[in-house]
Amino acid sequence: MDLKTRLVNNLRSATSDKEGMNRQILKLHKHFKEVEKALNRGKGK
């Protein structure tokens, strides 16, 4: 499991009862995905 996935999962489980934090974590997760797409776009097949 990569660092991004571990971080997001740990934060999500630690704050599952805090709705505001859950929203923030989901935003972070979305941003991580966008960055990952941008980084992988430059790689050759």
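Read-outs: derived from the displayed coordinates by stated rules, not from any lab. Predicted model, so just to flag it, every value in this text is computed and none were measured. All Cβ positions, even for glycine, are placed from backbone atoms using ideal geometry, and neighbour counts span all protein chains on display.
Per-structure values
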read-out	value
Pair LYS27, THR5: separation of 7 Å Cα→Cβ label points (nm)	2.6 nm
Length gained when the stretch ARG12-LYS43 is fully extended (0.36 nm per residue, less Cα-Cα span)	8.1 nm
